[in-house]
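The values are calculated or read from the model by the stated rules, or taken from the named source; none is laboratory data. Quantities reported herein were computed from a predicted structural model and do not represent experimental measurements. Glycine gets a Cβ as well: all are built from the backbone with ideal geometry, and neighbour counts include every protein chain shown. For the accessible areas, the whole protein counts, side chains as well, though only heavy atoms, and no ligand, DNA or RNA atoms are used. Shrake-Rupley method; radii C 1.70, N 1.55, O 1.52, S 1.80 Å.
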Amino acid sequence: MLFGREDIRRRIEELGRTITGDYEGREPVLISVLKGGTVFLADLIREIPLPLRVDFMSISSYGRAAESMGRVRILKDLDEDIGGQHVIVVEDIVDTGLTLSYLLSVLESRGPASLEVCTLLDRSARRIAPLSLRYVGFDCPDVFVVGYGLDVGGRYRNLPDILAVEDQAAVTADPAALLPFLDPGAGR
Ligand code: PRP
């Protein structure tokens, strides 16, 4: 186990307190990038006792070819205009930073009053695009992680803890491999 549910809960409380202080008197819009960031968003907003709104985007990467790296296609755009709004993009993890840097340039072009990032995990060892991340939950080592929104083959986003998977191929090949960790008592 890399980050247990209690560590996650406590860190989100701290992040919520910091964001609340920083945005007092304003009404931020928190944008989550589907799907991984939704679990974090759901817990984070309940630690921010300010008027706020949430919105969602769904994107798909064009792929890993050099000429298309970091180019994303918007599959579902925001419902609301963010012009003049104080925007916080909420992510579960930032790796290369390519997705986020493209997304930030798209959002910036819409004229928000401010634009910041809050990510639960920062796996900076994989960074390609330099980014300024205003709020970071945890620095994440360069390992494959799953749980608390992070998936393996679409599964296990509902794990309450974040696990480091040593043998990614084994877990991908055997979808049942992590089932014991779904037990509500596991990892406590
Ligand atoms: C993850 C994460 C970020 C992106 C970060 O999403 O939520 O959006 O990867 O990677 P990068 O920094 O290398 O660009 P993923 O593509 O796994 O989709 P998901 O949230 O639906 O699982």
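Some observations on this one:
- Selection of segment 9-43 for residues being among the β-branched types (Val, Ile, Thr) and either open to solvent by 60 Å² or more (accessible area, probe 1.4 Å) or in contact with a Phe, Trp or Tyr (Cβ under 6 Å, 6 or more places away or on another chain) (or both) yields Thr18, Val39.
- Conditions (1) at pLDDT below 95; (2) within 27 Å of Gly16 (Cβ to Cβ); number of the one not met by Tyr102: (2)
- Restricting attention to segment 81-107, the residues that are open to solvent by 20 Å² or more (accessible area, probe 1.4 Å), more than 13 Å from the ligand (Cβ to nearest atom) and touching a helix residue (DSSP H, G or I) at 6+ places or on another chain (Cβ under 9 Å) add up to 1.
- Restricting segment 8-45 to residues that are basic (Lys, Arg) and within 16 Å of the chain's Cα centre (by Cα) leaves a set whose member that is farthest from Asn158 (Cα to Cα) is Arg11.
- Segment 108-134: number of residues that are within 14 Å of the chain's Cα centre (by Cα) and away from the ligand (no atom under 12 Å from the Cβ): 3
- Within segment 108-132, restricting attention to residues that are surrounded by fewer than 17 Cβ atoms within 10 Å (Cβ to Cβ) and of a type in the set (A, V, I, L, M, F, W, C), the residue that is farthest from Gln168 (Cα to Cα) is Ala113.
- Within segment 135-147, the only residue that satisfies the criterion of being outside any strand (DSSP E or B) and within 12 Å of the ligand (Cβ to nearest atom) is Cys140.
- Any pair with Cβ under 7 angstrom, 6 or more apart, that starts in segment 119-133 at a residue that is within 18 Å of Val87 (Cβ to Cβ) and ends at one that is near the ligand (Cβ under 10 Å from one of its atoms) and part of a loop (DSSP other than H, G, I, E, B): Leu131/Gly97
- Members of segment 48-62 that are open to solvent by 80 Å² or more (accessible area, probe 1.4 Å) and either under 13 Å from Ile74 (Cβ atoms) or touching a residue at least 60 places away in the same chain (Cβ under 8 Å) (or both): Tyr62
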